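What follows is a short report on a single structure.
The values are calculated or read from the model by the stated rules, or taken from the named source; none is laboratory data. It should be emphasised that the depicted structure is a prediction, and the values quoted were computed from it without experimental measurement. Don't worry about glycine lacking a Cβ; one is built from the backbone with ideal geometry, like all the others, and counts go over all protein chains shown. Surface areas here come from the heavy atoms of the whole protein model, side chains and all, with no ligands, DNA or RNA. Shrake-Rupley method; radii C 1.70, N 1.55, O 1.52, S 1.80 Å.
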Amino acid sequence: MTTSNFYTDALKTGRPIFAVAPMIDWTDRHCRYFHRQISRNALLYTEMVVADAIIHGPRERLLSFDAVEHPVALQLGGSDPAKLAEAVRIAAPYGYDEINLNVGCPSDRVQSGTFGACLMLTPETVAACVKAMKAVADRPVTVKCRIGVDEQDPEAALPDLLDRVLDAGADAVWIHARKAWLKGLSPKENREIPPLDYEIVYRMKQARPNVFIGINGGIQTLDEAAAHLNHIDGIMLGRAAYQNAAVLADVDRRFYGAAAQEVDWGAIRDRMMAYAERHIESGGRMQQVARHMVGLFTGLPGARRYRQILSTDAVKIGAGPEVIAAAFAAVDFEGAREAVGA
């Protein structure tokens, strides 16, 4: 993918887009660098970054990333069209491949800023935000939403939102196939308790054949992801990809036509050690890199010891890349090869 409109390309070619979801406190630049070592093609998302923070905060820390992370999308949070447009202008030199507007996060912190999932109650505001962002963006502008919030009827609220943002110029919509309850449920509960309704997302696509619509929510395996592609243009994994990143190892073959090949875990180890060394030399800490790698070999012989090493040794004063080497040495890589594509 390049900074061309790869959503339009996907619709023309019929080739899907596989994405790793934006996750607050998780999908930072260290996580994305790690995921990119496993899949060359998966679309990676930043954590949500609030427009006000970009305008008034430490821009370099919030927006910088390693070139190897491409294709990478910046997810913005906000509800003021002018501020979101300014954030897009500021972010432009950093070279993100997509700008995404968060209309799905249900946390109290996000609600207090009147953005995230609560924006589904004011679709006209979302449309105004998209229009303002599109006016200054030179790459795709997309929306990530829920199927509804609180007492909304998704059969009415979701198509209304889609039609408004598409009329405003949105290039694609990613839909988390659950409602969000703004009061009474925690963010964690909002990821688990509201029932999944994939069928409504399928119907949104059926009614809009010329629009890229992707699906998110509860997808655990690549087999499940592939099944959704019978109905939809793209799939997005969140916690399943983070908690066991080995699932990404077969993404390029299954969804992007890459040749089948054995994963070189030793090469991934070496690249992550080199990356950690550069990060530490620039003033960072080993734990900031290692924490994203803990779930890599879930379920394999040696995985428990692997987790212990990364979780305990990486936080020690003076910890360095040797922690990664020690952790990988505990793993049965024959088992890892068998787990690829699980």
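Here each label is just a point 7 Å from Cα along the line to Cβ, and for Asp138 and Trp26 those points are 3.4 nm apart. The modelled label-to-label distance between Asn210 and Asp270, using points 7 Å beyond Cα along the C-beta direction, is 5.1 nm.
Per residue, the average separation of C-alpha pairs within less than 8 Å and at least 6 apart gives region 63-175 a relative contact order of 27 percent.
Sites counted here are GluC sites (Glu not before Pro) in a DSSP loop (not H, G, I, E or B) having no more than 14 other Cβ atoms within 10 Å; the longest part of the chain that contains none of them is 1-150.
Taken about its Cα centre, region 259-342 carries a charge dipole of roughly 380 debye when the Cβ of each Lys and Arg holds +1 and the Cβ of each Asp and Glu holds -1.
The relative contact order of region 213-340, computed from alpha carbon pairs under 8 Å that lie at least 6 residues apart in sequence, is 23 percent. Shape call for region 265-339 from the C-alpha gyration tensor, a ≥ b ≥ c root eigenvalues: rounded (a/c under 1.5), prolate (a/b greater than b/c) or oblate? Note, shape of region 265-339 comes out prolate.
Report, to two decimal places, the Cα Rg of region 112-193 normalised by 2.2 N^0.38 Å (N = number of residues). Walk me through the intermediate numbers first.
Details: Rg = 12.9 Å, N = 82, 2.2 N^0.38 = 11.7 Å.
Cα-based Rg divided by the globular estimate yields 1.10.
In the chain, helical runs assigned H by DSSP with n ≥ 4 each contribute -39500 (n - 2.57); averaged across all residues and rounded to the nearest 500, the mean residue ellipticity at 222 nm is -11500 deg cm²/dmol. Residues whose amide H comes within less than 5 Å of that of Lys179, counting only those at least five positions distant or on another chain, are Ile147 (H built at 1.01 Å from N in the peptide plane). Between Asp153 and Glu277, the simple label model (points 7 Å from Cα in the Cβ direction) yields a spacing of 6.3 nm.
Relative contact order, whole percent, for region 6-256 stands at 21, derived from Cα pairs under 8 Å and 6 or more residues apart.
So which of Lys179/Lys205; Lys134/Lys205; Lys12/Lys205; Lys144/Lys205; Lys12/Lys179; Lys134/Lys183 end up more than 20 Å apart, counting from Cα to Cα? In this structure, Lys134/Lys205; Lys12/Lys179; Lys134/Lys183 lie more than 20 Å apart at Cα. Using a 1.4 Å probe on the protein chains only, how many percent of the accessible area of the chain belongs to carbon and sulfur? So the carbon and sulfur contribution to the accessible surface is 49 percent. Please identify the longest segment of the chain free of exposed trypsin sites (Lys or Arg not before Pro), where exposed means a DSSP state other than H, G, I, E or B and no more than 12 other Cβ atoms within 10 Å. No qualifying site falls inside 1-182, the longest such stretch.
Would you mind giving the average projected area, over all directions, of the Cα convex hull of region 3-134 in nm² with one decimal?
Numbers: hull surface 32.7 nm².
Mean projected area of the Cα convex hull: 8.2 nm².
Selection among Ile99, Ala51, Thr8 by position relative to the dipole of the chain gives Ala51 as farthest towards the positive end (Cβ unit charges, Cα centre).
Might you tell me the accessible area per residue for the chain, computed with a 1.4 Å probe and given in Å²?
Values: 14250 Å² over 342 residues.
Result: 42 Å² per residue.
The magnitude of the dipole of the chain, with charges of +1 and -1 set on the Cβ of Lys/Arg and Asp/Glu and taken from the Cα centre, is near 360 debye. A P(r) calculated from all alpha carbon pairs of the chain, with 10 Å bins opening at zero, reads 6, 26, 34, 25, 10, 1 percent.
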